[in-house]
Amino acid sequence: MSTVLEPRTAAELAAAVRESAGPLELLGAGSKRGLGRPVNSGQHLDLSHLSGIRLYEPEELVLTAGAGTRLAEIEQALAEKRQMLAFEPPDLGPLYGMPAGEGTLGGMLACNLAGPRRPKAGAARDHFLGALAVNGQGEIFKTGGQVVKNVTGYDLCKLLAGSFGTLAALAEVTVKVLPAPEHERSLLLPGLEDAAAVAIMTRALGSAAEVSGAAHLPAGTVSLLAQGSGAATLLRLEGTSLSVAERIALLRRELGGAGVEMEEAASKSVWRALRDVAPFQGTQEAVWRLSVPPASGAAVMPAIAGSGVAGARHFYDWGGGLIFLALPAEGDAAASRIRAALKPAGGHATLMRAPLSLRAAVDVFQPQESALAALAKRVKESFDPAGRLNPGRMYQGI
């Protein structure tokens with residue numbers, strides 16, 4: 001039977017880590033527990049009570065909250081001031097069979113996840129300004145601050161983001177927020193093959209139209225639009241009404257007059273679905289997240305199919321630089337084939353969702369070269385020499 005530790009303050013969190021008899025699995029709401037290798041621990045460190053907005057200064061564009069604060073609460077508070085988390089954090093709970101709206105701010109930063117606005121606004125780590133955290137020795141430390149421009153000391157926020165709780169347990173975090181766009185429209189281009197769609201998305205992202213989202217849904221793969229399962233390429237523009245109208249006109253001229261303008265409600269709905277990987281929710285498929293140079297995106301899927309991986313569905317985001325791939329969760333042969341197919345493009349693959357047995361058997365995250373693995377091990381040992389925090393969540397032995 002598992003022991004659940006429920007600290008309510010940073011001091012209690014430090015004591016729980018310091019006095020733990022063995023490894024600890026860190027959990028917020030558990031909405032992303034299925035992302036990463038399984039942690040072999042009889043103790044769960046529940047961070048959900050470290051919650052609540054501590055400081056919100058809309059004029060200064062900063063917000064500080066307990067790491068266990070639900071993102072839904074954060075986003076509601078920001079919406080009241082017409083502001084947002086610009087990195088567009090996805091709600092992945094439903095991908096793992098959990099209710100929507102359960103994810104926490106600390107969990108999102110620890111996983112460094114960002115949505116479709118990533119090419120324009122940056123990753124979660126780019127908006128992570130400061131933290132109050134506890135290392136694996138039960139020591140409280142602070143990094144960063146509560147201002148957008150902060151050059152004091154080492155920027156450990158960049159290191160903690162994407163460490164999946166293996167270096168420190170976050171107690172409190174400070175993030176940069178930005179004004180929310182007044183208006184949104186999307187341009188829909190139907191019927192494009194993958195290669196043509198990636199070329200169009202690359203052109204649009206490099207144009208003066210300031211596109212804030214570029215995605216492609218291949219024919220027969222996903223059905224998020226009223227038009228059914230035909231191929232659809234989506235280009236999103238945000239800003240003031242006048243600016244969006246002028247930029248859509250500019251974009252259509254650049255594309256030879258192609259595209260159908262989507263109304264705001266339909267645009268918001270489809271981008272929210274893409275953000276949350278909705279096409280692959282409610283299935284038993286394994287889900288992979290492939291990161292590649294955008295211009296190489298269209299070549300990846302034929303290479304994967306040619307490697308012997310069958311029955312795959314996919315869609316593109318980030319102008320072709322991000323591919324979500326779903327396929328039958330059978331054995332571990334697909335992992336090596338997918339990664340071999342990605343190698344010529346210089347990409348990497350993360351197993352986003354799979355049965356526990358498969359996550360334990362394969363490298364969930366892209367295998368590291370020996371020098372990088374040695375560096376990661378030294379970093380882990382400097383923060384958590386006893387290996388108490390989420391051991392093995394990312395890589396075996398780390």
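We did not get these values from a lab; they are worked out from the coordinates using the rules stated. It should be emphasised that the depicted structure is a prediction, and the values quoted were computed from it without experimental measurement. Don't worry about glycine lacking a Cβ; one is built from the backbone with ideal geometry, like all the others, and counts go over all protein chains shown.
Under 17 Å from the 7 Å Cα→Cβ point of residue 382, by amide nitrogen: which residues of segment 166-185? Backbone N within reach: 166-169. The modelled label-to-label distance for the pair residue 49/residue 210, using points 7 Å beyond Cα in the direction of Cβ, is 4.6 nm.
When each of the peptides 65-72, 38-45 is scored by the mean number of other C-beta atoms lying within 10 Å of its residues, the order from highest to lowest reads 65-72, 38-45. If R0 equals 51 Å, the separation of the Cβ atoms of residue 284 and residue 18 corresponds to a calculated FRET efficiency of about 0.80.
Dipole check for the chain: with +1 at the C-beta of Lys and Arg, -1 at the C-beta of Asp and Glu, and the Cα centre as origin, the magnitude is about 720 Debye. Among the GluC sites (Glu not before Pro) within segment 114-204, those in coil by DSSP and having at most 16 neighbouring Cβ atoms inside 10 Å are 139, 182, 193.
Projecting the Cα positions of 345, 335, 305 onto the charge dipole of segment 279-361 (unit charges on Cβ atoms of Lys, Arg, Asp and Glu, taken about the Cα centre) puts 345 furthest along the positive direction.
Please identify the GluC sites (Glu not before Pro) of segment 326-398 that satisfy two criteria: DSSP loop assignment and at most 15 other Cβ atoms within 10 Å. Which are they? Hits after loop and neighbour filter: 330, 369. Given their separation in residues at 0.36 nm each and the Cα-Cα distance between them, residue 159 and residue 370 gain 74.0 nm when the chain is fully extended. Using the Cα gyration tensor of segment 305-390, with a ≥ b ≥ c the square roots of its eigenvalues, what is the shape: rounded (a/c below 1.5), prolate (a/b larger than b/c) or oblate (neither)? Note, shape of segment 305-390 comes out prolate.
Note: relative contact order over segment 183-266, using C-alpha pairs below 8 Å and six or more positions apart, is 45 percent. Peptide packing: for 247-256, 202-211, the average count of neighbouring Cβ atoms within 10 Å per residue gives the ranking 202-211, 247-256, highest mean first.
Debye-formula intensities of the chain, expressed as log10 I(q)/I(0) at q = 0.08, 0.11 Å⁻¹, are -0.43, -0.82 (one equal scatterer per alpha-carbon, no solvent). Here the simple spin-label model places points 7 Å from the Cα toward Cβ, and for residue 330 and residue 2 these points are separated by 3.1 nm.
Spin-label pair residue 9-residue 249: with each label point 7 Å from Cα along the Cα-Cβ axis, the two points sit 6.1 nm from one another. Computed across segment 183-266, the Kirkwood hydrodynamic radius from all distinct Cα-Cα pairs reaches 12.8 Å. Rounded to the nearest 500, the 222 nm mean residue ellipticity of the chain from helices alone is -8000 deg cm²/dmol, with -39,500 (n - 2.57) taken per DSSP H run of at least 4 residues.
Taking each residue as 0.36 nm, the span from residue 123 to residue 273 lengthens on full extension beyond its C-alpha to C-alpha distance by 52.1 nm.
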